[in-house]
Amino acid sequence: MNRHFSTRINRSRGQSLVETALILPLLILVVLNVVNLAYFFLVTVHLTGAARSSALYSIEGSYTPYAYAQPGAGTAGSINCSTSPNNVSCLVFQDLTNSVWNPTGATVRVCSNSNINSTTGMGTNGSGASQLSNCETCTSTSGCSAAGAGSPAPSADPEAPYFVANEVTIQYTFYTLVPGPIFNIALAATPICSGGSCTFTRIATMRSMGP
């Protein structure tokens, strides 16, 4: 009797091992896809938050006790946030530090009436209902471009020229934590991801009083 009982236990153990061996690859596939998908949403949250906080900062100035003028987009040449921290681009890079991999790899476009065009001496371009903020595109290594209309041009404020729309656009490319097409099946369905990399563009717009 004991011999037959022991045989049934051994058969049951063998069956469990076979079932585990069959289901384990599928389980690993699902788990690693979930890991990459979770990281995708984590980056989305941090980029969205950085765009919103920097757009809010871009319209401040005379509304705060700290400074009268609105902060600029950034500095020419490489951006050094240790020596010149009071600009919108530095806030973006600081918000992304320790939140995403290679935060200084982001490209930041700041459209604000604090961006003065050297030719016209104005922080805006156009007039009346079509008045727009000047834009500068900034990277951590090259600094910010000259202020201009921007391409594509930002949206005009519904109450221009009495109000001006300030816009911050962050573009960032990252690679998934687990490489390989089989571990990025869920992300392959999104138009911003391809070959294990995803390129995000996050835009935040806030309005301030016109010049």
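Derivation of every value follows stated rules applied to the coordinates shown; laboratory data play no part. Note that the structure is a prediction, hence the values are computed from the model and not measured. Neighbour counts are summed over all protein chains in view; Cβ atoms, including those assigned to glycine, are modelled from backbone coordinates with ideal geometry.
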Against the longest alpha carbon principal axis of the chain, how many degrees, from 0 to 90 and to the nearest 10, is the axis of helix 2-58 turned? 0
Among V178, P191, W101, which residue has its Cα positioned farthest towards the positive end of the charge dipole of segment 35-209, with +1 placed on the Cβ of Lys and Arg, -1 on the Cβ of Asp and Glu, and the dipole taken about the Cα centre? V178
Can you tell me how the chain classifies by the Cα gyration tensor, rounded, prolate or oblate, using a/c under 1.5 as the rounded cut? prolate
Full-extension gain in nm, N80 to S16, via 0.36 nm per residue minus C-alpha separation: 17.1 nm
The relative contact order of the chain, taking Cα pairs under 8 Å that sit 6 or more residues apart, comes to a percentage of 22
Picking from A160, A55, A73, which is most flexible by a Gaussian network model of the chain using Cα springs under 10 Å? A160
Residues E167, E136, E60 arranged by fewest to most Cβ contacts within 10 Å: E60, E167, E136
The Rg/Rh figure for segment 33-92, Cα atoms and Kirkwood Rh, to two decimals is 1.14
With θ set to phi - 60° and the Karplus curve 6.51 cos²θ - 1.76 cosθ + 1.60, what are the ³J(HN,Hα) couplings of segment 105-114 in order, to the nearest whole Hz, using x for Gly and Pro? x, 6, 10, 10, 10, 10, 10, 8, 6, 7
Calculate the spin-label point distance for I28 paired with I203, positioning each point 7 Å from the Cα along the beta-carbon direction, and give it in nanometres. 4.3
Need one word for segment 110-177: rounded, prolate or oblate. Basis is the Cα gyration tensor (sqrt eigenvalues a ≥ b ≥ c); a/c below 1.5 gives rounded, then a/b vs b/c decides. oblate
Rounded to whole Hz, the Karplus (6.51, -1.76, 1.60) HN-Hα couplings of segment 144-156, x for glycine and proline: 10, 6, 5, 5, x, 5, x, 9, x, 5, x, 6, 7
Rounded to the nearest Å, the spacing of the alpha-carbon centers of segment 165-201 and segment 73-112 is 21
